[in-house]
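The structure appears right after this line, and notes come after that.
The values are calculated or read from the model by the stated rules, or taken from the named source; none is laboratory data. Bear in mind the structure is a predicted one, so any value in this text is a computation, not a measurement. When we count neighbours, we look across all protein chains shown, and the Cβ atoms used for this are built from the backbone with ideal geometry, even at glycine. Note: areas computed on protein heavy atoms with side chains; ligands, DNA, RNA excluded. Shrake-Rupley method; radii C 1.70, N 1.55, O 1.52, S 1.80 Å.
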Protein chains: 6
Amino acid sequence: MTIRADGRANDQLRDVKITRGWLDHAEGSVLVEFGHTRVLIAASVTEGVPRWRKGSGLGWVTSEYAMLPRSTHTRSDRESIKGRVGGRTHEISRLIGRSLRAVIDYQALGENTIVLDCDVLQADGGTRTASITGAYVALADAVDWLRHRNLLAGEPLTGSVAAVSVGVVGGDPMLDLCYTEDAAAEVDMNVVMSGAGEFIEVQGTAEGKPFDRTTLDDLLELGSAGCVALTRLQEKALAGR
Amino acid sequence: MTIRADGRANDQLRDVKITRGWLDHAEGSVLVEFGHTRVLIAASVTEGVPRWRKGSGLGWVTSEYAMLPRSTHTRSDRESIKGRVGGRTHEISRLIGRSLRAVIDYQALGENTIVLDCDVLQADGGTRTASITGAYVALADAVDWLRHRNLLAGEPLTGSVAAVSVGVVGGDPMLDLCYTEDAAAEVDMNVVMSGAGEFIEVQGTAEGKPFDRTTLDDLLELGSAGCVALTRLQEKALAGR
Amino acid sequence: MTIRADGRANDQLRDVKITRGWLDHAEGSVLVEFGHTRVLIAASVTEGVPRWRKGSGLGWVTSEYAMLPRSTHTRSDRESIKGRVGGRTHEISRLIGRSLRAVIDYQALGENTIVLDCDVLQADGGTRTASITGAYVALADAVDWLRHRNLLAGEPLTGSVAAVSVGVVGGDPMLDLCYTEDAAAEVDMNVVMSGAGEFIEVQGTAEGKPFDRTTLDDLLELGSAGCVALTRLQEKALAGR
Amino acid sequence: MTIRADGRANDQLRDVKITRGWLDHAEGSVLVEFGHTRVLIAASVTEGVPRWRKGSGLGWVTSEYAMLPRSTHTRSDRESIKGRVGGRTHEISRLIGRSLRAVIDYQALGENTIVLDCDVLQADGGTRTASITGAYVALADAVDWLRHRNLLAGEPLTGSVAAVSVGVVGGDPMLDLCYTEDAAAEVDMNVVMSGAGEFIEVQGTAEGKPFDRTTLDDLLELGSAGCVALTRLQEKALAGR
Amino acid sequence: MTIRADGRANDQLRDVKITRGWLDHAEGSVLVEFGHTRVLIAASVTEGVPRWRKGSGLGWVTSEYAMLPRSTHTRSDRESIKGRVGGRTHEISRLIGRSLRAVIDYQALGENTIVLDCDVLQADGGTRTASITGAYVALADAVDWLRHRNLLAGEPLTGSVAAVSVGVVGGDPMLDLCYTEDAAAEVDMNVVMSGAGEFIEVQGTAEGKPFDRTTLDDLLELGSAGCVALTRLQEKALAGR
Amino acid sequence: MTIRADGRANDQLRDVKITRGWLDHAEGSVLVEFGHTRVLIAASVTEGVPRWRKGSGLGWVTSEYAMLPRSTHTRSDRESIKGRVGGRTHEISRLIGRSLRAVIDYQALGENTIVLDCDVLQADGGTRTASITGAYVALADAVDWLRHRNLLAGEPLTGSVAAVSVGVVGGDPMLDLCYTEDAAAEVDMNVVMSGAGEFIEVQGTAEGKPFDRTTLDDLLELGSAGCVALTRLQEKALAGR
């Protein structure tokens, strides 16, 4: 059995911290940390919805993900300066938005839009799953903000969402990979689940060679357990709202 | 039980046609059809590899996916005119490239690059999985082209790749969704497998509400069976090279 | 006298095929082939006209031309990825649109827009003239589509349009140049004519050194004869609508 | 017979002024005026050639055309701000470069590049033909600059180039159209000729309805005569170098 | 004491020429020359204001600055071709607009927009201050144009604006630096003042090492005197409107 | 006399906090806070210099400034998504880089590059001056990092840099404006000074109407005193390195 760099058991999460209200202006905001991975999430509420949805009575939730240039070990060029958003950035933004929309009742939200900006301040693996996990909490705060102003047509949150990465490293299935583990993984999977224990998104990728059904099942187990633990941490962070 | 629009059984593929050599200039080319979905794939071989890989002795395989403006029911604007490649396009290009690289031995390929251009001439659901399935065949032809010129350092193909979409429509798991089924699906999944029956990529998404483990297992079964059938069609198309 | 690569006489067209209805969704579609040159044309009808023309009661016809990356002998980069449409692409799109508009009665078309997408699947010289020749046929089908739905205010087609390339190769004027002839041509000319035998556009360019009036006259003769032959092929393709 | 707005005969040029040396830094520069049309042309010489031509021993000549935002009757947006060069701009830049290259001996030029920047300060029709006519003079001065520094391998100019617009307005063929004539023209043609009276480029376009061979011949005559007159004005401007 | 390249005293302006009405179409236009620096300025009036200001009853004044590619000693690439406006261009455009807006009464201007296009035809230092000085004159002419058509709600000009560069070269404070002086300056400052002798903008930059308060005071004196002289030249140019 | 929103005296700074080492990967990093304004600064060291400086033996220091979309009261669109960096962003990035370079000895730095990324996490006025003040501290840490690895050719820092905003609000000169003060200011000035009390950059702008020399002098006094205080805070933050 491989011993993990930081001494964790294979089915153990890193230290996870969820700090609400990190920003003064945003309707909801969270600084979420999974070990050294640190993502600042701002939930912005605006009245109205995108043009293609106007007059429908339905709300909208979307997300944008980005990394600060020096969030990584070596500095990356800014996408604003390159003049185009990269494929990876686009893909992760879409994943986060889709994941959160899975627990939204658009009718209850009314014609309001909530944008979740997930900016990675420091990256050490699992930035997309940390973003989803933190974004749910910021979203819940933004929904509260709307509720206190009587701007909702009902309860827009039909559940909670948490996400975690799993992978096979050195032949062993592991939970919540840090950067060095992720870089060495043979299989890489992201699991997004509802608080009720159902799947919202499953994305598994063979990094080196194809993997069999048993491996897939092991990773799904590990990811499910991780999401259950994260759901509890979210509940704790949101307790006493 | 729902009856499918075209009368297929839930576990039945559409008519799949793989026409090799559709283009005169490309080192490998395929017109692949899954029912009304029609993708033209060109495999282009160039000596040398991208800058970051030079001198490594290793080859490279990549892919670009795009849709013609009127491949869809209503015309879409060209990405060349919009001046930026959309998130979906990027995401699918990356998926195709990653899927094919899972069966490539870079050492054996030597410092050669193969680009797979997948241009959707007509879209009726499953364009990304049709692209992967067809691209493998074009890739095999491009590898042959290199082999006949003694430009390889060994056998670069470590296996074959096929892909298919599955989903839950009206409560029923179904194989190889056409556009109307895809638009109505509650769960949407793409399964990419090797010819040896192992997973290369699994991407499942809850479209409406989260799904449970049983549904996930049903879809994986259906997708696996579909990939086995597609692998046979690829072998048949490539027979007698 | 030079003997042409494929044995044609200097005043002879390549094999020209016009296949209507190649796409299921488009209101008009044509796969046009001039020898190895193969262009897929989709005519898309939309109600309404661009903003600057609204309320005028007049219709609009426009075109976009593009080449698939591997339509050429060596692969070209996608303009969508480069983030800008090249000068040559723009120029040809404008030429095609202008040529077709020469036979359109905007009043009769009513406030409808027809976009002609000309995507070159394989290039072997003469892609712009093949596009114009094929686009007229797709346009005629799209006009029929509007007519059958009683969406026209009259007959919008005031004539037909055909186009062909001519040039001087090895001192000899020749009709319908293939790629290798085009690359070697001393003078290069595109002739666009109406079915009634009048000129819509004439573009002649000295590739190496200036040319005299006699050469110009010879090329105009050759081009006119070519357009007459193409007009007949268009009529045949459209016969029995 | 139509009487022209400014009282000119149909075969008469506007007042044409060619002022050399308008700029202090450029190796050649010309302010060319065709009536109210005013184009500032700078010829910039740089040692070396574009990458694709390096080591060939051959030189290169190219051009860029642009309009100041308020050169036109109503202000146009800057292409730098729109972030893309329009189709018309591209097309004219290409035409000017091609026209000048028709009288260049690349071998004699040696591995030097001359860029002709044609910036329209005021537009009143015929900006592209005025640009070509003026650019030839600036080019000649830049070639002199190279000659005086012994940087040439021979005489790079194999002839001179002049250009003029012609058109059919109110049924009458006319020379050198101003903006209002151009806007009303039924046929529009640009004729680029060498000083020796041969054609370099001929571009004729039906603006309203197709035109017959007789009209084409009339316009070619008119354009040829105009180019002869412009050639004399160029010679006069360059006299006594 | 350093002797200046062109023999000027340290507190002496270059020859300044302000030529009004250089363009036929623009509502105001000026060719302004500070020695070899030559900027063409067009003031364009349009009815209405940008979207964010509609219905306010207030006007708007803005500016765009650009350099022709060969205005400089060696040719620069066009920003239209690079596809993005550089930082320096943006910064100067903003400075010019801000400076002119300091003497505008938006209420009196009514819902009209005036755009000042400042295109540098030849650059020899001080292009931004020459632009501001000339743009005020073009603006005054554009305001007159509006006044003569009774399109104003009062007098929109609350004063005049002039600008000049100052700097420390070889230890000596100097007025109105030419390019070679500017390139050698230890401190570089732009002073924008109203005709009433008050400051609109002051921008001082240490090019080599920080500078003390005495130097700052000297430069402010020099710049103020320069602006007074320029104000007189503007008045003279506008006399007898 | 106006009483300030937060009860400060007119010549009083907000609470300023400088937290070093906020990031794990960067060679220098600072979270700088001026009241509610919060900027994260990362100093990235790379061996080598930009192409135009190679082989000179000289180093380079540059900066990029950006705001997170929800750093402001209402969310702004990302510049990466707009595909272009705005004028204000460019201008501030240039100011920060220029200010830091004023205290750099390029020779002593050797051919190393230091990039200062200043990302505004929360904006409440004075983000550019907070960035400069914090960036100096991150720069000092990055220089230490180089020193400990013996990668320097001497002491690259010739001094320190601090910056502060001043302005006239309600007729009173005030130090270190917060957002609401800045929005109401009649005059707005940024003062950048060396630790030795000399000016590096002075930028004063009339927001409403021009200002006189006395006002300018008052603001310079106020700014100078503010910079002295900030210099002390920087020294304290860096003490005991």
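Peptide D:90-96 has a mean of 4 when you count, residue by residue, the C-beta atoms of other protein chains within 10 Å of its C-beta.
Could you quote the convex hull projected area for region F:1-91, Cα atoms only and averaged over all directions, in nm²?
The orientation-averaged projected area of the Cα hull of region F:1-91 comes to 9.8 nm².
The portion of the accessible surface of region F:16-238 made up by carbon and sulfur, rounded to a whole percent, is 49 (1.4 Å probe; DNA, RNA and ligands excluded).
Note on region C:30-105: dipole from Cβ charges, positive end direction compared against C:GLY59, C:GLY83, C:VAL49; the farthest Cα belongs to C:GLY83.
Each copy carries a label point for F:THR19 at 7 Å from Cα along the beta-carbon vector; from one copy to the others these points are 0.5, 6.2, 6.4, 6.4, 6.6 nm apart, nearest first. Local charge for A:ALA153 was computed over the other residues whose Cβ lies under 14 Å away, with Lys and Arg +1 and Asp and Glu -1, and equals -2. Only one residue of E:VAL166, E:THR215, E:HIS148 has its Cα farthest out toward the positive end of the dipole of region E:130-241, where Lys and Arg carry +1 and Asp and Glu -1 on Cβ, and that residue is E:HIS148. Taking a cut-off of 13 Å, what percent of all Cα-Cα pairs in region C:83-160 are separated by more than that? Of all Cα-Cα pairs in region C:83-160, 69 percent lie more than 13 Å apart.
Which whole DSSP H helices in chain D pass both tests: a Cα extent of 15 Å or more along the axis and a mean Kyte-Doolittle value no lower than 0.5?
Span-like helices here: none at all.
What number, in percent, do you get for the relative contact order of chain D if the mean sequence gap of Cα pairs under 8 Å and at least 6 apart is divided by its residue count? Normalised by residue count, the contact order of chain D is 21 percent. Each peptide in C:27-36, A:193-202 was scored by the mean count of other Cβ atoms within 10 Å over its residues; highest first, the order is C:27-36, A:193-202.
Counting only Cβ charges, +1 for Lys and Arg and -1 for Asp and Glu, the dipole size of region B:16-238 around its Cα centre is about 800 debye.
With the convex hull drawn around the C-alpha atoms of the protein assembly as shown, the volume per residue stands at 209 Å³. At a temperature of 4 °C and a viscosity of 1.567 mPa s, determine how fast chain A diffuses translationally according to Stokes-Einstein, using the Kirkwood radius over alpha-carbon pairs as Rh; express D in µm²/s, rounded to the nearest whole number. Estimated via Stokes-Einstein, D reaches 71 µm²/s. Each other copy holds its own label point for E:GLY171; taking that point as 7 Å from Cα along Cα to Cβ, the gaps run 4.7, 7.8, 7.9, 8.4, 9.6 nm, nearest first.
Between E and D, buried accessible area from a 1.4 angstrom probe totals roughly 3000 Å², ignoring ligands, DNA and RNA. Each other copy places its own label point for B:LYS236 at 3.6, 5.8, 8.1, 8.1, 9.3 nm from this one, sorted shortest first, where the point lies 7 Å along the Cα-to-beta carbon line.
Label-to-label distance, D:ASN150 versus A:ASP15, with points set 7 angstrom from Cα along the beta-carbon direction: 7.6 nm. Each label point was placed 7 Å from the Cα along the Cα-to-Cβ direction; for A:GLU47 and D:THR158 their separation is 7.2 nm. Taking trypsin sites (Lys or Arg not before Pro) across region B:73-170, the ones in a DSSP loop with at most 11 further Cβ atoms lying within 10 angstrom of their Cβ are B:ARG149.
Over the C-alpha atoms of region C:5-53, the Rg to Rh ratio, Rh being the Kirkwood estimate, stands at 1.22. Considering the rotation that superimposes chain E on chain A, the residue of E whose beta-carbon lies nearest the axis, and that distance in Å, is E:GLY83, 4. For region E:95-155, the solvent-accessible area with a 1.4 angstrom probe is 26 square angstrom per residue. Legend: mean number of C-beta atoms from other chains within 10 angstrom of residue C-beta atoms, peptide D:29-41, equals 1.
So if I place +1 on the C-beta of Lys and Arg and -1 on the C-beta of Asp and Glu, and nothing else carries charge, what would the dipole magnitude of the protein assembly as shown be about its Cα centre? I want it in debye, nearest 20.
Details: 156 positive and 198 negative charges, 1 e Å.
Approximately 0 debye in magnitude.
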